[in-house]
Amino acid sequence: MTTLFISDLHLQSERPHITRAFYAFLDQHASQADALYILGDFFNAWLGDDDQTALTLEVASQLKNLSARGIPVYLMHGNRDFLIGKRFCRQAGAKLLPDPTVIDLYGTPALLMHGDSLCLDDTSYQRYRRIIRSPLIRLLPHLLPLSLRQRIARSIRNRSGKAKNHKSARIMDVTPDEAARQLQVHNLSLLIHGHTHRPAIHHQPQRIVLGDWDNLGWYLQWHQDGQHQLVSFSIPEIETPEPPPQSTPG
Ligand code: MN
């Protein structure tokens with residue numbers, strides 16, 4: 001009996017080994033779990049649910065397989081995929097969670113966030129966040145045709161050069177006082193979030209930071225008895241070739 005948490009996979013067609021590792025994770029771990037929580041930046045970019053690609057359709061169907069087996073899948077927006085909407089969630093059989101959300105983890109209440117709202121020291125980012133996460137921006141997919149959104153995204157990518165490499169983005173760390181304040185506001189003592197790519201288990205107050213998926217994949221497993229581990233595993237970039245079939249003599 002465990003509940004699993006992941007975030008910051010930054011899924012994109014340019015990194016097929018990450019997607020492969022995610023499917024293996026679903027198969028080996030999530031399929032045995034009580035629930036799977038995905039705390040944002042699951043996709044590296046999201047232009048709207050109408051931007052369906054081979055990747056988004058395949059990921060949706062993999063998640064749907066999980067939820068169809070009775071394992072609930074919860075999804076929270078990150079700063080990169082905040083335009084994920086009802087249509088994708090329906091396709092994936094996932095439930096969209098607001099940021100923040102309080103859940104009951106086998107009797108322990110936990111505050112879940114993506115984490116970007118905690119990085120208060122990055123004032124220019126917080127200004128940007130207030131704009132991009134405003135309800136007006138949510139309307140963009142309805143206001144602008146997909147082709148135009150794709151053109152804008154391409155030009156942003158070209159201008160920022162190596163945007164393909166998601167590590168090039170500078171990410172500030174959480175402002176510890178803000179994390180403590182959020183826990184106080186909610187009267188809780190456990191916070192789980194991602195975003196910063198600084199996986200760790202902090203104490204007093206207890207704050208568990210999920211890792212991003214790159215050379216390593218990360219997940220938090222929380223057992224029914226309250227024991228928990230932040231687990232990492234290596235993600236090989238090149239698929240190891242299947243061994244040739246052994247021919248049996250005779
Ligand atoms: Mn993020």
Can you tell me which residue is surrounded by the most Cβ atoms within 10 Å (Cβ to Cβ) among those in region 66-88 that are in contact (Cβ under 8 Å) with a residue 12 or more places away in the chain and over 26 Å from I171 (Cβ atoms)?
L66
Within region 16-59, restricting attention to residues that are among the charged types (D, E, K, R) and at pLDDT below 95, which residue is farthest from the ligand (Cβ to nearest atom)?
D50
Taking T101 as meeting all but one of (1) closer than 27 Å to R207 by Cα; (2) out of contact with any Phe, Trp or Tyr (no Cβ under 9 Å at 6 or more places or on another chain), write down the number of the exception.
(2)
Within region 168-205, restricting to residues that are closer than 22 Å to P98 by Cα, assigned to a helix (DSSP H, G or I) and of a type in the set (G, A, S), the one that is farthest from the ligand (Cβ to nearest atom) is A180
Find the residue count for region 85-114, including only residues that are in contact with a helix residue (DSSP H, G or I) (Cβ under 9 Å, 6 or more places away or on another chain), within 16 Å of the ligand (Cβ to nearest atom) and closer than 23 Å to H29 by Cβ.
1
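Condition check ((1) under 17 Å from the mean Cα position of the chain (by Cα); (2) closer than 18 Å to H193 by Cα) across all residues:
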{"site": "L83", "(1), (2)": "yes, no"}
{"site": "K86", "(1), (2)": "yes, no"}
{"site": "A94", "(1), (2)": "yes, no"}
{"site": "L97", "(1), (2)": "yes, yes"}
{"site": "L111", "(1), (2)": "yes, yes"}
{"site": "H114", "(1), (2)": "yes, yes"}
{"site": "S117", "(1), (2)": "yes, yes"}
{"site": "L120", "(1), (2)": "no, yes"}
{"site": "S124", "(1), (2)": "no, no"}
Report whether or not G161 is out of contact with any His (no Cβ under 8 Å at 6 or more places or on another chain), at pLDDT below 90 and at positive phi.
yes
Which members of region 43-65 meet the condition of being in contact (Cβ under 8 Å) with a residue 40 or more places away in the chain and in contact with a strand residue (DSSP E or B) (Cβ under 6 Å, 6 or more places away or on another chain)?
F43
If you go through region 11-28 one residue at a time, do you hit one that is small (G, A, S) and in a helix (DSSP H, G or I)?
yes
Scan region 103-111 and tell me whether some residue there is at pLDDT below 95 and not β-branched (V, I, T).
no
Looking only at region 70-84, count every residue that is away from the ligand (no atom under 16 Å from the Cβ) and among the aliphatic types (A, V, I, L, M) and tell me the total.
2
Name the residue that is surrounded by the fewest Cβ atoms within 10 Å (Cβ to Cβ), counting only residues in region 206-231 that are within 15 Å of the ligand (Cβ to nearest atom) and not in a strand (DSSP E or B).
D214
Taking Y128 as meeting all but one of (1) more than 16 Å from the ligand (Cβ to nearest atom); (2) surrounded by fewer than 16 Cβ atoms within 10 Å (Cβ to Cβ), write down the number of the exception.
(1)
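The values are calculated or read from the model by the stated rules, or taken from the named source; none is laboratory data. Bear in mind that the values here come from a model prediction, so they are computed numbers and not experimental data. All Cβ positions, glycine included, derive from the backbone under ideal geometry; neighbour counts span all protein chains shown.
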